[in-house]
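First the structure, in the form of C-alpha cells, and then the observations on it.
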Amino acid sequence: MIPFGLLSPMTGEALHHDTPHSLREGKRGPRWPVVDGIPYLRIGRNGLVGEVLGHLDKGAPGHALELLLADQDDWWTGPKADPAALRDLVREMKYVSLREACARLGWGRVGDYFVNRWTDPTYLAGLALLEAHWNNPLCAFELACGIGHYLRELQGRGVRVSGADVVFSKLWVARHWVAGQRPQLVCFDAASPFWPIDQAPVDLVMCHDAFYFLPEKPRILDALRKTAGEEGWLALSHVHNSARPGFSAGHAVSAAEIEELCPDGLVYDDDELTRALVAARAPVPAAPAALDHAEAFSVVCGPGMRPAPRPLVDGLTLPREGAHLRLNPLYAPDPAGDYAITWPSERYRDEYAARATYPPHSAGPETLEMTPDTLDRARIREFVDLPERW
C-alpha cells in the first residue's frame with residue numbers, strides 16, 4: 001500500500017491510533033472510527049461517528065459496521081438500506097457474491113453500474129486514457145474509487161495503490177470482493193476543510209467517472225495536483241459535459257471550463273477513447289473548443305504524464321495473459337440457441353447500449369483463458385476478467 005499518513009479533516013493535524021479501532025488528534029482531540037481497517041473520516045456525521053465508536057468501544061464491531069454500511073453520499077435519492085439485510089450481509093459476507101452484496105446494500109441502479117462496470121464503455125475509456133499515457137508508475141491514488149475496479153487493474157500490474165471514497169460501504173466492498181486487503185482505503189469527503197491523507201507525492205493520481213460530482217472543482221483539483229507532486233500526473237475520465245443532457249446528477253462542466261481547469265492537459269472525447277481501445281490504436285486528443293458535442297471529457301495533465309498517446313495494444317486495456325475469462329454476463333441464451341444482450345434496466349440500456357463494444361454472441365464456450373488467440377474477444381469485452389466472487 002501507499003503509506004499515507006492520516007490527518008484530521010477538520011484541522012489538518014496528524015492523527016494517531018489511540019485504540020486499534022480508532023484514531024485521535026493529540027491526547028484529547030476528537031476520535032474517528034476505523035472499521036475493517038478503513039478509517040471513517042467524514043465531516044458532518046458527528047452523531048454517526050459517536051454511535052459507531054460506542055459500539056466499537058463495547059466490543060461490537062458488527063453493529064458498528066452495519067451503521068457505516070447504511071451511510072450514503074449527499075446525492076443519494078434511493079431508499080435507505082434495510083437494516084435486516086445489512087445484518088445478514090455482515091454475518092454471511094464470506095459466502096455472498098459481489099452481486100448479492102450490492103443487492104443487500106440496497107444500491108439499486110448504482111449496483112447495476114458497479115457489477116457490470118468491467119464491460120461498460122466509460123470504464124473502458126478510463127483504461128484507454130491510462131494506457132495511452134502509461135509511464136510505469138510505481139504508486140497510484142484514486143479519489144472516488146468506488147468499489148475498486150481501477151485499483152484491482154493497476155494492482156494486478158504491480159502498482160501500489162490507495163483509494164478514497166465518500167461512501168464507506170463502497171470501500172468495504174472493494175476490500176472484500178474486488179481489490180483485496182493490500183490497498184490503503186480511506187473514507188472522506190473531498191470537500192473537507194483538510195484532506196485527511198498526508199499528501200506525499202505519488203506517481204499517478206486518478207479520478208474516474210466522478211469529478212463532475214465534486215463541488216469546488218478548482219480547490220479539489222489543486223489537492224489532486226499536490227498529491228501528484230512535481231513529478232506525477234493526473235487522469236480524470238468521464239467528466240460530464242454541461243452542454244449535453246446526461247444521466248447523472250452532479251456539477252457538469254463546459255469545454256471552456258475544462259480548458260481553464262487543465263491548461264496543461266490533453267483533452268479527449270470519452271467516446272474516442274473507447275473507439276481507440278476497440279481498434280487497438282492511439283486515441284486522438286482534441287482542442288476543448290472542438291468537443292462541445294461530447295457527452296463527457298477525459299483529461300490527462302501534470303508534469304509526469306507521457307506527452308504523446310501511444311497505441312492501445314498491450315497494456316491495461318487487456319486482461320493479463322493467463323487470466324481466466326468469463327462470457328460477458330450481459331449475454332443471456334435466446335430461444336434460437338444463441339445469446340442476446342440483456343440490459344439490467346432501461347436506464348442502463350439508454351446510457352450504455354449505443355456505445356457498447358460487445359457484439360451479438362453465437363453459442364460457444366462460456367469461459368476462456370487469455371491468450372494471443374482470445375485477445376480480440378477480450379478487447380471488445382465479449383469475454384471479461386471478473387473477480388473470483390463476482
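Using a ≥ b ≥ c from the Cα gyration tensor of segment 259-307 (square roots of the eigenvalues), is it rounded, prolate or oblate, where a/c under 1.5 gives rounded and otherwise the larger of a/b and b/c decides, a/b for prolate?
oblate
Between segment 166-216 and segment 310-346, how far is it from one alpha carbon centroid to the other, in angstrom?
28
Would you mind telling me which residue in His16, His238, His149 has the biggest mean-square fluctuation in a Gaussian network model of the chain, where springs connect alpha carbons within a distance under 10 angstrom?
His16
Could you check which residue among Lys170, Lys226, Lys27 shows the biggest mean-square fluctuation in a GNM of the chain with a 10 Å Cα cutoff?
Top of the fluctuation ranking is Lys27.
Would you mind checking which residues have amide H under 5 Å from Val267's amide H? H placed 1.01 Å from N; only 5 or more apart, or other chain.
Those qualifying (amide H under 5 Å, at least 5 residues apart or on another chain) are Ala286.
If you project the alpha carbons of the chain onto the principal axes, what extent comes out on each, in Å, largest first?
Principal extents (largest minus smallest coordinate, Cα): 63, 50, 38 Å.
Can you work out the Karplus-derived ³J(HN,Hα) for every residue in segment 376-388? Use 6.51 cos²θ - 1.76 cosθ + 1.60 with θ = phi - 60°, whole Hz, and x for glycine or proline.
Values, residue by residue: 5, 6, 6, 4, 8, 6, 5, 10, 9, 8, 9, x, 4 Hz.
Looking at the chain as a GNM with Cα springs under 10 Å, which of Arg306, Arg219, Arg275 has the largest mean-square fluctuation?
Of Arg306, Arg219, Arg275, the most mobile in the Gaussian network model is Arg219.
Please list 3J(HN,Hα) in residue order for segment 281-294, calculated via the Karplus relation 6.51 cos²θ - 1.76 cosθ + 1.60 where θ = phi - 60°; whole Hz, with x for glycine and proline.
Couplings: 10, 6, x, 10, x, 9, 5, x, 4, 8, 10, 4, 7, 5 Hz.
Any idea how far the Cα center of segment 242-304 sits from the one of segment 51-107, in Å?
Going from one Cα centre to the other spans 36 Å.
Could you work out, for segment 253-390, what percent of all Cα-Cα pairs fall into each 10 Å distance bin, beginning at 0 Å and stopping at the bin that holds the largest distance?
Cα pair-distance distribution for segment 253-390, in percent: 11, 31, 32, 20, 6, 0.
Relative contact order for the chain using alpha-carbon pairs under 8 Å, separation at least 6, rounded to a whole percent?
Result for the chain is 17 percent.
Output wanted: per-residue J couplings in Hz (rounded whole) for segment 214-227, from phi through Karplus 6.51 cos²θ - 1.76 cosθ + 1.60, θ = phi - 60°, x for Gly and Pro.
In residue order, the calculated couplings are 7, x, 6, 4, x, 5, 5, 5, 4, 5, 5, 5, 5, 5 Hz.
Given axes a ≥ b ≥ c from the Cα gyration tensor, I'd like to know whether segment 1-143 is rounded (a/c under 1.5), prolate (a/b larger than b/c) or oblate.
Oblate shape, in that a/c is at least 1.5 and b/c is the bigger or equal ratio.
P(r) tail for segment 329-383, what percent of Cα pairs lie past 15 Å?
Pairs farther apart than 15 Å: 52 percent.
In Å², what does the accessible area per residue of the chain work out to with a 1.4 Å probe?
42
For segment 98-188, what does the alpha-carbon gyration tensor say about shape, rounded, prolate or oblate, given a ≥ b ≥ c as the root eigenvalues, a/c under 1.5 as rounded, and a/b over b/c as prolate?
Oblate, since a/c reaches 1.5 and b/c is not below a/b.
Starting from the Cα of Lys226, draw a straight line to each of the lysines and keep only those under 17 Å, dropping any in the same chain fewer than 8 residues away.
Lys217
The values are calculated or read from the model by the stated rules, or taken from the named source; none is laboratory data. From a predicted model like this one, the values you see are computed outputs, not experimental measurements. The area values use the complete protein model at the heavy-atom level, side chains included, leaving out ligands, DNA and RNA. Shrake-Rupley method; radii C 1.70, N 1.55, O 1.52, S 1.80 Å.
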